[in-house]
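**Q** So that we are looking at the same thing, I have put the structure below in structure tokens.
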Amino acid sequence: MLVFSTETSCDETSVCIMKEDKTILSHIVYSQTVHTKHGGVVPELASRAHLEILQQITKDALKESGIQLNEVDLFSATCGPGLIGGLLIGSTFTKSLSIGNRKPFIPINHLEAHILSSFYNNEIKFPHLSLLITGGHTQIYFLKNYNNIKLIGETVDDAVGEAFDKVAKILGLSYPGGPEIEKKALKGNENYFKLPQPLINENNLNFSFSGLKTSVNLIAKKSIINQSFINDMSASFQKCIGTILTLKLNRAIKKLYNDNNRNLSVSVVGGVANNDYIKKCFKGIEEREAIKLIYPPKYMMNDNAAMIAWATILKHR
Ligand code: KG4
Ligand code: ZN
């Protein structure tokens, strides 16, 4: 069985052709560059960029994999959540291919695909906990099995990736801000600025990041933004995020342990999971709870069509 999938929910235009045994025949991720100078994704520009490139990368993927469209057995696309323009373009394009080739079309939920991405390279046993940290979402899910996925905590305002991107913009760094802040933080003093840790003392699994961003903004307005300020603020902000995520993830694991889920497996997925400093913070949880955190392969952390194809195969099974 061959699967053809697209992902267009934000600012990555991506296609993947995957075999049922999960071999990737072609995987193309085009990261749109039009947003860099705006410090964030401009939805209308994203839609136009998807439209411009999607047919070309489909042709490139077919060429690379050496298959014809009429050999594809299943078509799938991200159908939500995401920016509506991009979702409409990707899903309409892929549905048209499925109708034209008289093959089924499977709609895929973007968040479910992120969650299942860590199942691609790991043998995962249920019950499972997944911390999803992206530019649009910050959520904790509890999975009893593939069909029983429960949201047990989430951000009440900004997503953690969004906070990275907004703080980067305040510091004059380019979009996407996460990797930029991680780089600058290497040269900074993480104890220089004391930043607020919203909701940290509340006994729940929710997050809040908008106050943190405002606090960075207020300090920046009163300061000279030079290299040492950027480095110290990046390090202090990243430390604050690392502390919050570690505390809430540890709390979620403890809660599920107490609810009789001692054999819990735990994954961290989404673009922010690329951050090595945050991963290092999570090492403490691994030691304390005698647990090994699971991550997807690097190419499935940011938005990509391989995770959509993989979710399609799991759904088909
Ligand atoms: O999963 P993703 O590609 O898209 C969404 O579904 O949102 O995540 C993108 C987010 C962006 O906010 C980006 O700044 C963040 O992931 N990100 C990082 C790093 N790499 C990407 N955040 C922190 N550190 C990183 N190294
Ligand atoms: Zn995503």
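The values are calculated or read from the model by the stated rules, or taken from the named source; none is laboratory data. Computed from a prediction, not measured in an experiment: that's the story for all the values here. No Cβ is skipped: glycine too gets one built from the backbone with ideal geometry, and neighbour counts run over all protein chains shown. In case anyone asks, the SASA skips ligands and DNA or RNA and just uses the protein heavy atoms, side chains included. Shrake-Rupley method; radii C 1.70, N 1.55, O 1.52, S 1.80 Å.
**Q** Condition check: among the basic types (Lys, Arg), within 11 Å of ligand 1 (Cβ to nearest atom), open to solvent by 20 Å² or more (accessible area, probe 1.4 Å) and outside any loop (DSSP other than H, G, I, E, B). Does residue 166 satisfy that? Spell out the reasoning first.
**A** Values: among the basic types (Lys, Arg): yes; within 11 Å of ligand 1 (Cβ to nearest atom): yes; open to solvent by 20 Å² or more (accessible area, probe 1.4 Å): yes; outside any loop (DSSP other than H, G, I, E, B): yes.
Against the criterion (among the basic types (Lys, Arg), within 11 Å of ligand 1 (Cβ to nearest atom), open to solvent by 20 Å² or more (accessible area, probe 1.4 Å) and outside any loop (DSSP other than H, G, I, E, B)), residue 166 qualifies.
**Q** Looking at the range 20-35, can you tell me whether even one residue there is free of Cβ contacts under 8 Å to residues at least 24 places away in the same chain, of a type in the set (Lys, Arg) and either away from ligand 2 (no atom under 16 Å from the Cβ) or open to solvent by 20 Å² or more (accessible area, probe 1.4 Å) (or both)?
**A** No, every residue in the range 20-35 fails to be free of Cβ contacts under 8 Å to residues at least 24 places away in the same chain, of a type in the set (Lys, Arg) and either away from ligand 2 (no atom under 16 Å from the Cβ) or open to solvent by 20 Å² or more (accessible area, probe 1.4 Å) (or both).
**Q** A further question on this structure: In the set 124, 115, which member is within 17 Å of the chain's Cα centre (by Cα) and hydrophobic (A, V, I, L, M, F, W, C)? Even if it seems obvious, please write down each step before you answer.
**A** Numbers: 124 fails: within 17 Å of the chain's Cα centre (by Cα).
Residue meeting the stated conditions: 115.
**Q** Right, another one. Can you tell me which residue in the range 140-153 is farthest from residue 10 (Cα to Cα), limited to those that are out of contact with any His (no Cβ under 7 Å at 6 or more places or on another chain) and either among the acidic types (Asp, Glu) or open to solvent by less than 10 Å² (accessible area, probe 1.4 Å) (or both)? Spell out the reasoning first.
**A** Within the range 140-153, the first condition is being out of contact with any His (no Cβ under 7 Å at 6 or more places or on another chain), and the residues that meet it are 140-142, 144-153.
Adding the requirement that they be either among the acidic types (Asp, Glu) or open to solvent by less than 10 Å² (accessible area, probe 1.4 Å) (or both) leaves 140, 153.
Values: 140: 21, 153: 23 Å.
The qualifying residue farthest from residue 10 (Cα to Cα) is 153.
Matching residues to (1) more than 15 Å from residue 209 (Cβ to Cβ); (2) in a loop (DSSP other than H, G, I, E, B):
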| position | (1), (2) |
| --- | --- |
| 224 | yes, yes |
| 234 | yes, no |
| 244 | no, no |
| 248 | no, no |
| 256 | yes, no |
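**Q** Any residue in the range 148-172 that's over 14 Å from residue 245 (Cα atoms) and at pLDDT 95 or above: show its pairings with residues that are open to solvent by less than 20 Å² (accessible area, probe 1.4 Å) and β-branched (Val, Ile, Thr) at Cβ separation under 6 Å, as long as the two are six or more apart or on different chains.
**A** 152/140; 167/216; 168/181; 170/216; 171/230
**Q** May I pose another question? So for the range 206-227 (the condition being within 16 Å of ligand 1 (Cβ to nearest atom), in contact with a helix residue (DSSP H, G or I) (Cβ under 8 Å, 6 or more places away or on another chain) and open to solvent by 20 Å² or more (accessible area, probe 1.4 Å)), does at least one residue qualify? Walk me through it before giving the result.
**A** Initially, the range 206-227 is screened for residues within 16 Å of ligand 1 (Cβ to nearest atom), giving 207, 209-210, 212-213, 216.
Within this subset, residues satisfying the condition of being in contact with a helix residue (DSSP H, G or I) (Cβ under 8 Å, 6 or more places away or on another chain) are 207, 209-210, 212-213, 216.
Of the ones still in play, those that are also open to solvent by 20 Å² or more (accessible area, probe 1.4 Å) are 210, 213.
Taking every residue of the range 206-227 in turn, at least one turns out to be within 16 Å of ligand 1 (Cβ to nearest atom), in contact with a helix residue (DSSP H, G or I) (Cβ under 8 Å, 6 or more places away or on another chain) and open to solvent by 20 Å² or more (accessible area, probe 1.4 Å).
**Q** Kindly indicate whether residue 199 is over 16 Å from residue 242 (Cβ atoms), surrounded by 15 or more Cβ atoms within 10 Å (Cβ to Cβ) and of a type outside the set (Val, Ile, Thr). Steps first, please.
**A** On the way: over 16 Å from residue 242 (Cβ atoms): no; surrounded by 15 or more Cβ atoms within 10 Å (Cβ to Cβ): yes; of a type outside the set (Val, Ile, Thr): yes.
No; evaluated as a whole, the condition is false for this residue.
**Q** A further question follows. So how many residues does the range 113-123 have that are outside any loop (DSSP other than H, G, I, E, B) and more than 11 Å from ligand 2 (Cβ to nearest atom)? Step through it out loud before you land on a result.
**A** Keep residues of the range 113-123 that are outside any loop (DSSP other than H, G, I, E, B), which gives 113-117.
If we keep only those that are more than 11 Å from ligand 2 (Cβ to nearest atom) too, we end up with 116.
Qualifying residue count for the region: 1.
**Q** Taking the range 258-285 only, how many residues are closer than 21 Å to residue 300 by Cα and not in a helix (DSSP H, G or I)?
**A** Summing the residues that are closer than 21 Å to residue 300 by Cα and not in a helix (DSSP H, G or I) in the range 258-285 gives 7.
**Q** Of the conditions (1) outside any helix (DSSP H, G or I); (2) open to solvent by 40 Å² or more (accessible area, probe 1.4 Å); (3) without any contact (Cβ under 8 Å) to a residue 60 or more places away in the chain, residue 44 satisfies every one except a single condition; which number is it?
**A** (1)
**Q** Any residue at all in the range 134-145 that is at pLDDT below 95 and within 16 Å of ligand 2 (Cβ to nearest atom)?
**A** Step one: of the range 134-145, the residues at pLDDT below 95 are none.
The answer is no, given that none of the residues of the range 134-145 is at pLDDT below 95 and within 16 Å of ligand 2 (Cβ to nearest atom).
**Q** Quick check: anything in the range 84-104 open to solvent by 50 Å² or more (accessible area, probe 1.4 Å) and closer than 15 Å to residue 303 by Cα? Full working, then the answer.
**A** In the first step, residues of the range 84-104 are kept if they are open to solvent by 50 Å² or more (accessible area, probe 1.4 Å); the result is 84, 88, 92, 95-96, 99-100, 102-104.
In the following step, the residues that additionally are closer than 15 Å to residue 303 by Cα were identified as none.
No, the range 84-104 has no match at all.
**Q** Here are the criteria: (1) in a strand (DSSP E or B); (2) modelled with pLDDT under 95; (3) of a type in the set (S, T, N, Q). Tell me which single one residue 78 does not satisfy.
**A** Among (1) in a strand (DSSP E or B); (2) modelled with pLDDT under 95; (3) of a type in the set (S, T, N, Q), residue 78 violates only (2).
**Q** Of all the residues that make up the range 274-291, how many are within 12 Å of ligand 1 (Cβ to nearest atom) and in contact with a strand residue (DSSP E or B) (Cβ under 6 Å, 6 or more places away or on another chain)?
**A** Looking only at that region, the number is 0.
**Q** Does the range 291-303 include one or more residues that are over 19 Å from the mean Cα position of the chain (by Cα), farther than 30 Å from residue 13 by Cα and not in a loop (DSSP other than H, G, I, E, B)?
**A** Let us first name the residues in the range 291-303 that are over 19 Å from the mean Cα position of the chain (by Cα), namely 291-292.
So of that shortlist, the ones also farther than 30 Å from residue 13 by Cα come out as 291-292.
Cutting the leftovers down to not in a loop (DSSP other than H, G, I, E, B) gives us none.
No, there is no match, as no residue in the range 291-303 is over 19 Å from the mean Cα position of the chain (by Cα), farther than 30 Å from residue 13 by Cα and not in a loop (DSSP other than H, G, I, E, B).
**Q** Which of the residues spanning the range 172-189 are out of contact with any Gly (no Cβ under 8 Å at 6 or more places or on another chain) and farther than 17 Å from residue 278 by Cα?
**A** If the condition is that a residue be out of contact with any Gly (no Cβ under 8 Å at 6 or more places or on another chain) and farther than 17 Å from residue 278 by Cα, then 172, 173 are the ones that fit.
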